[in-house]
Amino acid sequence: MSKEKNPFLPWSWPWCGSTGVPLRPLELFLSRKFTFSYLIIIWILWLLDLTGPANDCYITGGGYSCISGLWAGDLVDSPVRFFTSLFVIPFFHHDTTHIVFVSMSFLVFVQSFEVREGAIRTYFLFMICLSAAAVLVSIGMHIGELIYTDSEFLRSGFARNWNGGSAGFFGIIGASSHQSRKVWMVPLIAIIFETWNHFFNGIGALTSSAHMISMAAGFLLWGYWISSSSESIAPKE
């Protein structure tokens, strides 16, 4: 699709194909295998009550509420556990607001991207952006702890576990900017929303930082992918 023909907002109805035509149930599922599989899994885990609170949980003896979370301190103390947890944390959520927010965002942003680019690309981009956000925020926390040794803000960040799919889908939002007629429009909307989310809805600074890092990663990675793909298919003189 040429840039001139891109829509202003690159979002599709979750029951339609990329051309806007409604799909039959099997066609619909196959067009968005990652999105629908992810939603089914997270709600099964939620209904089975396998996720504990973000706080009041300890690395040992905390059951699933610990297993399902990422701990920033593990980046240094237990790197294997840190990087292994990256494959687990997208599927667990701390509260009802969290899982509903992620579910609605998948039904708007992720499925819209997936129906155009496919499940494999969407999943890998989702995981890469989530991982980039987790690693960079954790590195920032460790550096900050060296500088501000008595920071209660950082101490509270290290004392809790982190999970959910929001950091990953912000990466998809960043990538979908390149499917819009105005590349800056989608990031601008996301930044305005996250500003409201932080200053008026009370979401933490560390979480907002992870969202913005993920969105930037998705924007840059997908922009590079598009650029590389265009160059590879361009006619040689």
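Observations on the structure shown:
- The Cα-based radius of gyration of the chain, divided by its Kirkwood radius, gives an Rg/Rh of 1.00.
- Between Thr19, Leu136, Leu9, the Cα set farthest toward the positive side of the dipole of the chain (charges on each charged residue's Cβ, about the Cα centre) is that of Thr19.
- Helix runs (DSSP H) in the chain reaching 27 Å along axis by Cα, Kyte-Doolittle at least -0.5: 119-147, 205-233
- Neighbour cut-off at most 12 other Cβ (10 Å), DSSP loop, chymotrypsin sites (Phe, Trp or Tyr not before Pro), segment 69-176: Phe87, Tyr148
- Efficiency of FRET from Cβ geometry, Arg81 and Glu27, R₀ 41 Å, rounded to 0.05: 0.50
- Take every Cα pair under 8 Å whose residues are at least 6 apart in sequence, average their separation, divide by the length of segment 33-227, and the relative contact order is 26 percent.
- Where trypsin sites (Lys or Arg not before Pro) in DSSP loops with at most 15 other Cβ within 10 Å are excluded, longest remaining stretch of the chain: 1-180
- When shorter helices are ignored and each DSSP H run of at least 4 residues is given -39500 (n - 2.57), the per-residue value for the chain at 222 nm works out to -19000 deg cm²/dmol.
- Within the shell defined by Cβ-Cβ distances under 9 Å, the residues around Glu114 carry a net charge of +3, with Lys and Arg each +1 and Asp and Glu each -1.
- Charges were assigned to the Cβ only: +1 to each Lys and Arg, -1 to each Asp and Glu. The resulting dipole of segment 127-211 about its Cα centre is roughly 340 debye.
- Lys, Arg +1 and Asp, Glu -1 on Cβ, resulting dipole of segment 33-227 about Cα centre, debye, nearest 20: 680 debye
Read the figures in this text as sums done on the coordinates, not as results from a lab. This is a predicted model, so every value here is computed, not measured. Neighbour counts run over all protein chains shown; Cβ positions are idealised from the backbone, glycine included.
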